[in-house]
Amino acid sequence: MQRADGVNVGNSLKDFISEFGAPEKLTYDGAMVQVGTGTDFQKTVRKHAIKTHTSAPRRPNENPAEGAIREIKRRWYRIKTKMNVPDRLWDYGIKYVCETGNLMVNSSKYSDGQVPLEIITGDTPELSEYMDFGFYDWVTFRNNAGMGEAELLGRWLGVSHRVGQLMSYWILPVSGIPVSATTVQRVTNLERQTEEFKSKMRNFNNGIASKWTTTTSNVIHEIKGIHSNQLLSLEDEDEQFMKEFSRVINNQDIKDIDDLTTQEIGIQDPYLGMELGMVRNEEMGVQNAVVKRRNVDEEG
């Protein structure tokens, strides 16, 4: 088990260095897969001359990553509970939580008003890939590189960075095997209220359930020697974590982000105050106008 975990931890560090470069200093909690002299992790540390620091046992305050991991789990459990996400999609879900967390300002004393990705790269990150969809949203997409004739129903699983061009997304089709697609549209609330889409969504859920509950497709928990008690599960969290998580998730006074208006979440309407030219009549020609307010329909 240590060897398998050590390879995974070492590969994670290699992936980070490949994408962002080697860090000058690295703090970790002293697990054997990190401090062992023959592990891939230590080999990578020595190769890139990274200064390291091991946090003291039972002192999570020495390592900011401890709090970040706790917040990642909170966000994932909330999404999973709200959207009824199948357990099998935990890897896509955790990746989505981490990627979007890297694009948001947090309360860390190290952030200084910057988002994590900006601190690492020094560049302002691009947000457009994540603006139109939330994890496990209902979407329609076209297969065959967008040339397919019919729009298929699926679920949005995240951005496929290394497959296809910009704005390529991982989509879960009814086959249960994620695919990368570029021609993707979100199913609106108005469409979801129609009998046609209700029937499609019901058939989709039934199809996924039938494929993932067959005896030939059981999830194997002992992959690479990782015991089931080491998997991410809400049932295995400590009492303090569960108390805080339940306090928030069961609070009816706290609105979901989808139920908030742009004003409530602090986003200024980009059209308010905008100046534009309008022709009122042929005699007066073009006149300057300023947008004071605007009306929105059921879809915002």
Inset, instruction - Return the only residue of Thr188, Thr194 being farther than 23 Å from Trp76 by Cα, surrounded by 13 or more Cβ atoms within 10 Å (Cβ to Cβ) and either at pLDDT below 90 or under 21 Å from the mean Cα position of the chain (by Cα) (or both). - result: Thr188
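Have a look at Lys47, Lys51 and point out the one that is at pLDDT 85 or above and farther than 25 Å from Arg162 by Cβ.
Of Lys47, Lys51, the one residue that is at pLDDT 85 or above and farther than 25 Å from Arg162 by Cβ is Lys51.
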Inset, instruction - Just name the residue that is nearest to Met201 (Cα to Cα) out of those in the range 92-144 that are part of a helix (DSSP H, G or I) and over 17 Å from the mean Cα position of the chain (by Cα). - result: Glu118
Legend entry - Failed criterion for Thr37 (all others in (1) of a type in the set (S, T, N, Q); (2) surrounded by 13 or more Cβ atoms within 10 Å (Cβ to Cβ); (3) in a loop (DSSP other than H, G, I, E, B) hold): (2)
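Within the range 273-292, work out how many residues are loosely packed, with under 10 Cβ neighbours inside 10 Å and outside any strand (DSSP E or B). Can you show your working first?
From the range 273-292, those loosely packed, with under 10 Cβ neighbours inside 10 Å are 275, 277-279, 281-285, 288, 290, 292; that's our starting set.
From what's left, outside any strand (DSSP E or B): 281-285, 292.
Final tally of qualifying residues: 6.
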Inset, instruction - Could you tell me whether the range 209-226 includes any residue that is at pLDDT 80 or above, within 28 Å of Leu153 (Cβ to Cβ) and over 25 Å from the mean Cα position of the chain (by Cα)? - result: yes
Legend entry - Pick from the range 72-90, criterion of a type in the set (A, V, I, L, M) and touching a helix residue (DSSP H, G or I) at 6+ places or on another chain (Cβ under 7 Å), ranking: farthest from Asn106 (Cα to Cα): Val85
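Yes or no: Gly93 touching a helix residue (DSSP H, G or I) at 6+ places or on another chain (Cβ under 6 Å), modelled with pLDDT of 80 or more and not acidic (Asp, Glu)?
On the way: touching a helix residue (DSSP H, G or I) at 6+ places or on another chain (Cβ under 6 Å): yes; modelled with pLDDT of 80 or more: yes; not acidic (Asp, Glu): yes.
Judged against the criteria, Gly93 is a match.
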Inset, instruction - Considering only residues that are of a type in the set (A, V, I, L, M) and within 12 Å of the chain's Cα centre (by Cα), look in the range 65-82 and name the one that is surrounded by the most Cβ atoms within 10 Å (Cβ to Cβ). - result: Ile79
Legend entry - Single residue of Ala4, Ala65 found to be at pLDDT below 75, of a type outside the set (Lys, Arg) and farther than 30 Å from Gly176 by Cβ: Ala65
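The values are calculated or read from the model by the stated rules, or taken from the named source; none is laboratory data. Fair warning: this is a prediction, and the values are worked out from it, not measured in the lab. Note: ideal-geometry Cβ built from the backbone for every residue, glycine included; neighbour counts use all protein chains shown.
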